[in-house]
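The values are calculated or read from the model by the stated rules, or taken from the named source; none is laboratory data. Here the structure is a predicted model, which means the values were calculated and not measured. We place every Cβ from the backbone using ideal geometry, glycine too, and count neighbours over all the protein chains shown. With ligands, DNA and RNA removed, areas are computed over all heavy atoms of the protein, side chains included. Shrake-Rupley method; radii C 1.70, N 1.55, O 1.52, S 1.80 Å.
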Amino acid sequence: MLMDIVILIIKVAVVLGVVLLHVAYAVYFERKILGHMQSRLGPTEVGPLGLFQPFADLIKLFFKEDNIPLGADKVLFTIAPVIVVTCVMTSFSVIPFAAGWVLANINVGLLLVLAMGSLGVYGIIIAGWSSNSKYAFLGGLRSSAQIISYEIPMGIALLAVLIMSGSLNLSDIVYAQEKLPWGMFIFPQILGFFVFLVCALAETNRTPFDLPEAETELVAGYLTEYSGFRWGLFFLAEYSAMYVMSSMLSICFLGGWTLPPFLTNLFPILNLMPGIVWFLLKVYMFMFFYIWIRGTVPRYRFDQLLKIGWKFLLPLSLTNLFVIMIIKKVFMP
Amino acid sequence: MSVPLLFFSYFALATIVLSLIVITRKNYIHAVLWTLLLFVHISGIYLFLNAEFFAMIQMIVYAGAILVMLIFVIMLLNVKHEDHLSDVSSLPIPKAFLVFCVLGVLAFTLQVSYLNSTGKFSIDLVNKISDAKLLGQVFYSEANLPLIIMGVVLFVPMIAAIVLAGKRSDE
């Protein structure tokens, strides 16, 4: 009993450590790619090729002044970043990184990720409200409206994945894809994949949906009053959420840690590579996509954003659901 | 005391204490946030009943959607600390009477219908076929009439919302 708990804690610590390291380097990754996209070099000074830049940034954040505004609700102001980080980190507990490499192999993994996504909204609302500043407040309201709107098409896109796999367990979803000859769910449900991809951008408040942080209108949205390490926690949550969304995309649509069977039959040598490599490759493909979008697409207006969510993505996801239901019934009994 | 019992007592006690905290807050936003904590504990109790699906739905629907709507309404209406919020002691007698009546009916029903029989949906059955699947089977076979009625009931406020919004834009 006690031994089990100790082993579990060690596992959690290892996963958390690895994830945090990845998050630190996601920042470096983003700055480098954005730099090259804009004909600059990105970070080069700290360490070889600027590789120690994330640690320099981290140390800087640690020693910055931790400022709480006078009119703020002190307790909620402190809790808000913790809620955001906790919700994102909890999502990692159900994500299978490779066959059997999952902290909690529960039957409702998919729903847990969705639930944690919707609980994360509270951190943002509370941050906006407790700052006692109009920019933060409006930013918080906007962000929560955005996340709630985009949760619906995202949930319906995932519903189609459920119909195809017949399970809410994320590992079982991957195993269900392994049985298909092409090995991925993206093929019958390319529409659902597209909807999820766009919603993933909106859920993590990334460009072109980074409305809550639109500098020209709202200074920095709900982050306006935050400084030092509390701000760092929000930052950490945003990048971790990018990893969660990328993992969900690769697990639900691209077959997770597996390769399509026709590929492995053609080149059996690919089987020697551990599954985590393919998983990370897929995840980093989506991370690159996130950054690529940030480097190319301008920000939407808020009414455009809601219009895209409700008038475009929602009907699209419903169409996808309908098509998948027919395909499942007719072609895959 | 066994470990599951210990955890269950924590969740049960926390649910009661948190409900009391919720209804005694003066600040509405604080009350809503305590409700959030309450909902998380309730989904913990669902987990004890082997109902993981319900636990997650509780989090997504109640904590994730309905409470956020509540927060939105409170923030947009800009309700400040309410002074005329009546506390328990000044509750009018008819209201208190009604509350106790409802509680009595609830207790009676529970005693008659639940404690005396285990029903056919036992924990073994739920474990055998997952609870999401079982719920679907019950919903679309035995309980299809209540499901349809529930759908109609939920449809009415939607029409109301559309009518209200339509009126606003005519002016």
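Results for (1) within 21 Å of the chain's Cα centre (by Cα); (2) among the polar types (S, T, N, Q), shown as yes or no for each residue.
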{"position": "A:Ala237", "(1), (2)": "yes, no"}
{"position": "A:Pro260", "(1), (2)": "no, no"}
{"position": "A:Thr264", "(1), (2)": "no, yes"}
{"position": "A:Ile293", "(1), (2)": "yes, no"}
{"position": "A:Leu306", "(1), (2)": "yes, no"}
{"position": "A:Met332", "(1), (2)": "no, no"}
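Can A:Leu34 be described as surrounded by 15 or more Cβ atoms within 10 Å (Cβ to Cβ) and over 17 Å from A:Leu233 (Cβ atoms)? Against the criterion (surrounded by 15 or more Cβ atoms within 10 Å (Cβ to Cβ) and over 17 Å from A:Leu233 (Cβ atoms)), A:Leu34 qualifies.
With respect to being closer than 30 Å to B:Val73 by Cβ and either within 21 Å of the chain's Cα centre (by Cα) or surrounded by fewer than 24 Cβ atoms within 10 Å (Cβ to Cβ) (or both), A:Phe185 falls outside the description. In the condition set (1) under 27 Å from A:Gly117 (Cα atoms); (2) open to solvent by 60 Å² or more (accessible area, probe 1.4 Å), A:Val23 is compliant with all but (2). Pairs meeting the criteria (first residue in segment A:230-250 and closer than 11 Å to A:Glu203 by Cβ, second residue of a type in the set (S, T, N, Q) and assigned to a helix (DSSP H, G or I), beta carbons under 7 Å, at least 6 apart or on different chains) are A:Val244/A:Ser91. Just one of the listed residues (A:Leu191, A:Leu197, A:Leu159) is surrounded by fewer than 23 Cβ atoms within 10 Å (Cβ to Cβ), over 16 Å from the mean Cα position of the chain (by Cα), more than 14 Å from chain B (Cβ to nearest Cβ) and in a helix (DSSP H, G or I), namely A:Leu191. At least 1 residues being at pLDDT 85 or above and open to solvent by 30 Å² or more (accessible area, probe 1.4 Å) is the threshold, and among the helices (runs of 4 or more DSSP H) wholly inside segment A:207-326 those reaching it are A:228-252, A:275-296, A:302-307.
Restricting segment A:130-142 to residues that are in a helix (DSSP H, G or I), small (Gly, Ala, Ser) and over 21 Å from the mean Cα position of the chain (by Cα), the residue that is nearest to A:Ile156 (Cα to Cα) is A:Ala136. When residues in segment A:88-129 are screened for being farther than 23 Å from B:Gln58 by Cα, in a helix (DSSP H, G or I) and open to solvent by 10 Å² or more (accessible area, probe 1.4 Å), 1 of them pass.
Of the residues in segment A:49-62, at least one is on the phi > 0 side of the Ramachandran plot and modelled with pLDDT under 85.
Hey, among the residues in segment A:63-87 that are outside any helix (DSSP H, G or I) and in contact with a Gly (Cβ under 9 Å, 6 or more places away or on another chain), which one's modelled with the highest pLDDT? Here the answer is A:Lys64. For the structure I just gave you, tell me whether B:Leu70 is aliphatic (A, V, I, L, M) and either within 8 Å of chain A (Cβ to nearest Cβ) or closer than 13 Å to A:Leu119 by Cα (or both). So B:Leu70 fails the test.
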